[in-house]
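Q: Just dropping this structure here.
The values are calculated or read from the model by the stated rules, or taken from the named source; none is laboratory data. What you see is a predicted model; the values in this text were computed from it and never measured. Neighbour counts run over all protein chains shown; Cβ positions are idealised from the backbone, glycine included. These area figures cover heavy atoms from the full protein model, side chains too; ligands, DNA and RNA do not enter into them. Shrake-Rupley method; radii C 1.70, N 1.55, O 1.52, S 1.80 Å.
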Amino acid sequence: MSLKYHDPPGFVDDLTEENKKLWSQQISSFMLTDRVTPTLEPQFYDATKVMEKDPQNDAKITWIAFPKQVKIANPADHKRWKVADAARDVQDEYCEWSIKRDDKGKMLRIVFCNEGPEYYKFLGKYQPDTLVELYQTLNPGFDIKKADLFDQQGVYNPRNKWNNNTNTGSIMHLIQDANTLGAEAFGDPSTFADGARATVLRKRLDGTPITDADELIRCSGYGNPNRNSDPHIGAEVNTFARSGAMVTLKNPVGLYIDSISWGQIEAPDGDDPSKWWKWTRGREGTYMRAEFEVPSDKPYVLGDLLVKGVALEFGGQLADFISISLTGHASDMDGQNQITPRLCSEPSSNRNDAISHKKNLR
């Protein structure tokens, strides 16, 4: 097979050798559920199950971290920033944050994360002590105990008190209902469907292909059209599929904090604030967590910075400048795998055609 196993998100090194194999099997099982089948997604594949063929190519797909639905409902900047900061349940662009403030409410520290909850549920089941250690190491200054993270039956609680709000400065992974790997890959409400269902080609009644991002997502029924992420992911993946390529998500499967634009973020003394942005999870190209805090030797704090000339008060002001990404991977790009486009009323391609194309990739 082309890929020996699916690596953990961000290439992190938390797992034992045995559990690395189990994690890979879990990712493969996601790809083989009823939601991602050869019938429904004939051009989507699992690289640990097939031999990829050249030519191959990657496509990084990026979008803005600030929740589009909040912006639509609240056009005024101050109001939308306030709403987005009020609860992580509205932070639905695969990026969530939590803020530590002083007793006057001024921002001291902010942590952004976009690692999915599945990995932590996996740790809670197979390596609970590792999970506790990660919480303690990545959230210094908090008295985090194992009993805080697990229920009385020993099951990990993703919405525990150290990972359930925007106003403590402690955060570990995503908790918003749509911010999951299942969402990432499957889209119900999750991104394997953005990645997988988007490989189904669509056409209008007059036979012309559907390529517009909003029209495509509404036709195929994956994800949420009112997000920055879902329509864009689907449209980019569908572009690969229209070329006749077989498509998957690049290893390691995950969404990542791609970058932050610093041009309009200013410190009072003219210093470079990008120096204080610290990546704390993942590695270059696959970062999943970042902390932002002014050094203690400075006579000011984060709340004294200016963002587009306005004092930094909300995490949403920074989310406006943060890009999130995932990377699609295309194989066998010779144009021979393209399935006949389907109408919006048709849920799947012909199963025999789908199986034939799967065999061609092997």
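Q: Using only Cα atoms, what is the ratio of the radius of gyration of the stretch 1-144 to 2.2 N^0.38 Å?
A: In units of the globular-protein estimate, the stretch 1-144 measures up at 1.36.
Q: What residues qualify as long-range amide H neighbours of ARG281, i.e. H under 5 Å apart, gap of 5 or more or another chain, H built at 1.01 Å from N?
A: Result for ARG281 returns MET288, ARG289.
Q: For the pairs LYS20/LYS275; LYS145/LYS308; LYS60/LYS161; LYS146/LYS278; LYS21/LYS60, flag any whose C-alpha to C-alpha distance is greater than 31 Å.
A: Result: LYS20/LYS275; LYS145/LYS308; LYS60/LYS161 exceed 31 Å.
Q: Right, here's the next one. Going toward the positive end of the dipole of the stretch 208-321, with +1 on Lys and Arg Cβ and -1 on Asp and Glu Cβ, which of ALA235, SER274, PHE314 do you reach last?
A: Value: ALA235.
Q: TYR126 to LYS60: extension gain in nm, 0.36 nm per residue of separation minus the Cα-Cα distance?
A: 20.6 nm
Q: For the chain, which cysteines have no second Cys with its Cβ under 4.7 Å from theirs?
A: CYS95, CYS113
Q: Determine the principal axes of the Cα atoms in the stretch 239-353, then give the extent along each, sorted from largest to smallest and rounded to whole angstroms.
A: Answer, in whole Å and largest first: 68, 30, 20 Å.
Q: Right, something else. Quick check for me: using +1 on Lys/Arg Cβ and -1 on Asp/Glu Cβ, what's the dipole size of the stretch 1-140 about its Cα centre, in debye to the nearest 20?
A: 680 debye
Q: Then there's this: Taking amide H positions as placed 1.01 Å from N in the peptide plane, with prolines and chain starts having none, which residues 5 or more places from ARG109, or on another chain, fall under 5 Å of its amide H?
A: The answer is LYS100.
Q: Per residue of the chain, what 222 nm ellipticity follows from adding -39500 (n - 2.57) for every DSSP H run with n ≥ 4, rounded to the nearest 500?
A: When only DSSP H runs of four or more count, the value is -8000 deg cm²/dmol.
Q: Mind checking the per residue accessible area of the stretch 1-131 for me, 1.4 Å probe, whole number of Å²? Kindly include the intermediate steps, with their values, before the conclusion.
A: Values: 5950 Å² over 131 residues.
Using a 1.4 Å probe on heavy atoms only, each residue of the stretch 1-131 averages 45 Å².
Q: Any idea what the relative contact order of the stretch 192-287 is, in percent, if you count C-alpha pairs under 8 Å spaced at least 6 apart? Walk me through the numbers before you get to the answer.
A: Numbers: 99 pairs, mean separation 23.3, N = 96.
24 percent.
Q: Here's something else I'd like to know. In what sequence, largest accessible area first, do GLU52, GLU313 appear using a 1.4 Å probe?
A: Output order, biggest surface exposure first: GLU313, GLU52.
Q: Follow-up question, since we're still on this one. Residues with amide H under 5 Å of PHE150's amide H, sequence separation 5 or more or different chain, H placed in the peptide plane at 1.01 Å from N; which?
A: Under 5 Å from the amide H of PHE150: ASN157.
Q: Now a separate question. Place a +1 charge on the Cβ of each Lys and Arg in the chain and a -1 charge on the Cβ of each Asp and Glu, then give the dipole magnitude about the Cα centre in debye, rounded to the nearest 20. All intermediate terms of the calculation are to be shown ahead of the outcome.
A: Details: 44 positive and 52 negative charges, 139 e Å.
So the magnitude is around 660 debye.
Q: Just check the stretch 70-130 against the gyration tensor rule for me: Cα atoms, a ≥ b ≥ c as the square roots of the eigenvalues, rounded for a/c under 1.5, and otherwise prolate or oblate depending on whether a/b exceeds b/c. Walk me through the intermediate numbers first.
A: Numbers: a/c = 4.04, a/b = 1.66, b/c = 2.43.
Oblate.
Q: Which whole-number percent is the relative contact order of the chain (Cα, under 8 Å, 6+ apart)?
A: The value is 28 percent.
Q: Can you send over the carbon and sulfur percentage of the accessible area for the stretch 1-158, probe radius 1.4 Å, protein chains only?
A: Percent of accessible area from carbon and sulfur atoms in the stretch 1-158: 51.
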